[in-house]
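**Q** Handing you this structure, nothing more for now.
The values are calculated or read from the model by the stated rules, or taken from the named source; none is laboratory data. Just so it is clear, the model here is predicted, and its values are computed rather than measured. Neighbour counts run over all protein chains shown; Cβ positions are idealised from the backbone, glycine included. Only protein heavy atoms, including side chains, enter the accessible area calculation; ligands, DNA and RNA are left aside. Shrake-Rupley method; radii C 1.70, N 1.55, O 1.52, S 1.80 Å.
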Amino acid sequence: MRRCGLVLMVVIGLCGGAVAQGAPKFRALAFYSEKVERDHVDFAHAALKFYADAAKRDGFELVTTMNWDDLNAENLKQYQLVVWLDDFPATQAQRTAFEQYMKGGGGWLGFHIAAYNDEGTKWPWFVSFLGGGVFEGNNWPPLPATLVVEARNHAVTKGLPESFVAPANEWYSWNPSPRANTEVKVLLSLAASNYPLGFKDTLTGGDVPVVWTNTRYRMLYLNMGHGDRIFTDAVQNKLLEQAMVWVGTKR
Ligand code: ZN
């Protein structure tokens, strides 16, 4: 993914190919890191390619950065949403800027490790922002899993079947489940038929939301994001594309 100048993309429409005519429907700033777990970097690289193509199809603009200090109030004014592909902010300044951005109506699309939090995270607002879920466990190795599409009439799940088998991923469980928060809307979850899921580390059962939104914010979290196989399924790709467009265009 090349980093493209804002002006160049809008005026000339050149950044790895033609973009939709006219002003973009929304502008997204995607953050990622390359000094994190290799499987997460692989996902980020695949996501940047997938969403660069989606930007052309859907008429939005995607700017990418590995500099997490770009999470600052002045810079964020340019964007309708930020995307965290394989990491999360570490400094207080970055965290505060993000918190203010979201409280002011900003958008967020987070994948996989983006929502990871434990006793070492020390960012209570972020946990409440997610709906209250603290990381509990995961399956290992990464495995495909059957996902139940719970919300069939949501823009993010439009056209999806009642359930489908998602490509191999490291699936996280949460305690408490985000579903316990009445302001959280769960869109997809792990089907009970998956359990036990894993070999070295196993998810043994229970309610495991995979995609959800905290309706107090313009945000969506998707647990997908481990490895280079995430974008290999047409059904899931539809979900991942619609997720970006939904957050980007939601007002
Ligand atoms: Zn992972």
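**Q** Could you give me the ³J(HN,Hα) list for the stretch 153-167, computed from phi with Karplus coefficients 6.51, -1.76, 1.60 and θ = phi - 60°, whole Hz, x at Gly and Pro?
**A** Those phi angles translate into 10, 8, 4, 6, 10, 3, x, 7, x, 4, 7, 7, 8, 7, x Hz.
**Q** Within the stretch 188-236, report the trypsin sites (Lys or Arg not before Pro) that DSSP leaves as loop and that have at most 11 other Cβ atoms within 10 Å.
**A** Values: sites: K200, R216, R218, R229; in loops: K200, R216, R229.
Sparse-neighbourhood loop trypsin sites (Lys or Arg not before Pro): K200.
**Q** What does DSSP give for the stretch 27-249 in terms of the percent of beta bridges that are antiparallel, rounded to the nearest 5?
**A** Details: 21 of 39 bridges.
So the antiparallel bridges amount to about 55 percent of the total.
**Q** Test of understanding: what is the full-extension gain from T146 to T182, defined as 0.36 nm times their sequence separation minus their Cα-Cα distance? Intermediate results must be reported in sequence, preceding the final value.
**A** Values: separation 36, 0.36 × 36 = 12.96 nm, distance 2.48 nm.
Stretched out fully, the T146 to T182 stretch lengthens by 10.5 nm.
**Q** Take every Cα pair under 8 Å in the stretch 104-175 that's 6+ residues apart, average their separations, divide by the length, and report that relative contact order as a whole percent.
**A** Rounded, it is 34 percent for the stretch 104-175.
**Q** Could you tell me the accessible area of D42 in Å² (1.4 Å probe, neighbours in place), rounded to the nearest ten?
**A** Surface open to solvent at D42 totals about 40 Å².
**Q** Turning to a different aspect of this structure: Residues of the chain: accessible area per residue at 1.4 Å, in Å²?
**A** 43 Å²
**Q** Going down the table (K49/K77; K56/K200; K25/K103; K122/K185; K49/K200), which pairs top 29 Å between alpha carbons?
**A** Result: K56/K200; K49/K200 exceed 29 Å.
**Q** Shifting gears a bit: Under 12 Å between alpha carbons, and skipping anything fewer than 8 positions from K158 in its own chain: which aspartates and glutamates qualify?
**A** E150, E241
**Q** Related question: Given a 1.4 Å probe and every protein chain left where it sits, what share in percent of the accessible area of the chain is carbon and sulfur?
**A** Ligands and nucleic acids excluded, carbon and sulfur reach 53 percent.
**Q** Against the longest alpha carbon principal axis of the chain, how many degrees, from 0 to 90 and to the nearest 10, is the axis of helix 38-58 turned?
**A** Taking Cα atoms only, the helix is inclined about 50 degrees.
**Q** Here is a further query. How much length is gained on full extension from E34 to D201, taking 0.36 nm per residue of separation minus their Cα-Cα distance? Let's see the in-between values first.
**A** Details: separation 167, 0.36 × 167 = 60.12 nm, distance 2.54 nm.
Contour length minus the Cα-Cα distance gives 57.6 nm.
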